[in-house]
Amino acid sequence: MKSYTIGTFFIRVVLGLTFFIHGLSKFQGGIDGTVGFFESIGIPGFMAYVVAIIELIGGVAVIVGLGTRIVAALFVFVMLGAIFTAKLGAPFVGGYELDIALLAMSLHLVFAGSGALSLDQLLRKDESYL
């Protein structure tokens, strides 16, 4: 197994777990708060549901490596939206540095794919990662 695919595996699992937890917290804490926040910054409230579902279901998909490139591309759009609508006026540290890191991790998966130990690899029977 190539070392860069192991690195991609770790990025994939950490990114998926991070998004899953963020999506879960939106539903556990009451999605109404997120809907209200979205509306307060000029985003239609229904988009809170869209983002939360992408984070929750997409997080699980990325953890197991299923549809990784597609889900990672959705994460890119979510992070760009977060940065440019809610975070850009904040200082980098304590503001949007996590968003930039998640954006970079998502872009890595868009270009590199799911890496080792993924359902994508298993379904394709792709041995190029080995």
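Every number in this text was worked out from the coordinates using simple rules, so none of it is lab data. Here the structure is a predicted model, which means the values were calculated and not measured. Cβ atoms come from the backbone with ideal geometry, glycine included; neighbour counts cover every protein chain shown.
Within the chain, the longest run free of exposed loop sites, counting trypsin sites (Lys or Arg not before Pro) that sit outside DSSP helix and strand states (H, G, I, E, B) and have at most 12 other Cβ atoms within 10 Å, spans 3-124.
Under 5 Å between amide hydrogens, built in the peptide plane, is the criterion, and for Gly67 it picks out Asp120 among residues at least 5 positions away or on other chains. Of the complete DSSP H runs in the chain, those spanning 15 angstrom or more by Cα along the long axis with a mean Kyte-Doolittle score not below 1.6 are 46-64, 68-82, 97-112. Using C-alpha pairs below 8 Å separated by at least 6 residues, the relative contact order for the range 1-88 is 33 percent. Summing charges over all other residues whose Cβ lies under 15 Å from the Cβ of Ala86, with Lys and Arg as +1 and Asp and Glu as -1, gives -2. Only helices enter the 222 nm calculation for the chain: every DSSP H run of n ≥ 4 contributes -39,500 (n - 2.57), and dividing by all residues gives -23500 deg cm²/dmol, rounded to 500.
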